[in-house]
Amino acid sequence: MIAVAAVADAPEDSAPPRRYVGLVTRALAFALDAALINAIAILVAAVVSLTFSIITVPHEVKVVAAAAGGVIYLLWIIGYFTTFWATTGQTPGSRVMRIRVIPASGDRLPPRRAVVRFIGLTLATIPLFAGFLPILVDDRRRGLQDMLARTVVVEAPDEELPASARHGPPSPR
Amino acid sequence: MPSLGTVVDPFGLWSRASLAVLDRVLASQWANDALTITLRSALAERAVLTVIEGSLGQAALASAIRSGLAERAATELVESGALARILDSDEMEELVGQVLDSRLLDTSVTRILASEELWIVVDEVARSPAVTDAIAHQGVGFAGQMAEELGERSRRADARLERIARKLLRRRPAPDDAVVLPEPP
């Protein structure tokens, strides 16, 4: 039997309680996402580099393009995570590992809190990943990013979507 | 007016005597030897070939087909159990073995494999929606199985790592079945 830290309850319907997900599973999901993000970024960068290799442009343009590429890469990473967290709650890596980010209260994670979660993720990584250690001892297996954005990560069996994703966007608040 | 036969042989004695003589002749060793010699002769062989290759053979075959003789024979073979006996027999097993070992089968397989039609059929089958769906379903199923296995192993690793961390920090073990309600909005 798999030992669990705790079980998340489904408050609105009679769905079975879901377990909070631990560090290893989340790390694997994150690694899959990182691989996907970088694969796409490398592909795009290769196409752009090949284009620049056959077109003669001034050196200054190349510098600006490299800076713009860096900014676009950053936006791509932020957009990737926040979009998936704020819509289905599952990045592709999370989907493979069958886990989902949900708000501790409410149905769907608002985009602003998704951005906060991404900032928390970055902050948790900076001190040699120490921000993820609370996942090991917290009863709800929350890391720094979860505490900042008030989220939890739970198991998500196949074809399970949050109520908001099933019935359309929530009513404006 | 009485017929000539009635007049000549009013009691049919002559006819009966003739039949008795014929019966004796046919039952004799002489008749048997004569028949054997005739059937073994080149003449008999030529006669049979003439019948088979000539219009008589064709007519006999057409007549047999028209009258449903082949169907009746097949039905009789099946219903009488003769077919099952034949198929179960050692002779049939030996015959099949000989066919499989024969050059005929090798040649046939080689010719079938070399035929363009076979590969057209194979191509059609491979492209059929049923086959592509089955392959896709199997691929997805395999990926799903892999993900499930990976998930199970990672969750076991989660629990193990957590136990070690809590032991090091001297914290109470993780609750196994605690149900945590979401925070109120």
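The values are calculated or read from the model by the stated rules, or taken from the named source; none is laboratory data. The shown structure was predicted, so the numbers you read here are calculated from the model rather than taken from an experiment. Note that each Cβ is placed from the backbone with ideal geometry, even for glycine, and that neighbours are counted across all protein chains shown.
This table checks each residue for (1) part of a helix (DSSP H, G or I); (2) modelled with pLDDT of 95 or more.
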site: A:MET1; (1), (2): no, no
site: A:ALA10; (1), (2): no, no
site: A:ASP13; (1), (2): no, no
site: A:ILE37; (1), (2): yes, yes
site: A:VAL61; (1), (2): yes, no
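Of the residues making up segment A:65-115, those that are within 14 Å of chain B (Cβ to nearest Cβ), over 16 Å from A:ALA31 (Cα atoms) and basic (Lys, Arg) are A:ARG108, A:ARG113. Any chance segment B:115-129 includes a residue that's under 30 Å from A:PRO157 (Cβ atoms) and away from every other protein chain (no Cβ under 14 Å)? Yes - at least one qualifying residue is present in segment B:115-129. Taking helices (runs of 4 or more DSSP H) as the structural unit, no element lying wholly within segment B:85-162 holds at least 3 residues that are loosely packed, with under 10 Cβ neighbours inside 10 Å and within 23 Å of the chain's Cα centre (by Cα). The requirement of being aliphatic (A, V, I, L, M), at pLDDT 95 or above and assigned to a helix (DSSP H, G or I) is not satisfied by A:ALA165. Looking at this structure, is B:ALA82 loosely packed, with under 10 Cβ neighbours inside 10 Å and away from chain A (no Cβ under 14 Å)? No; evaluated as a whole, the condition is false for this residue.
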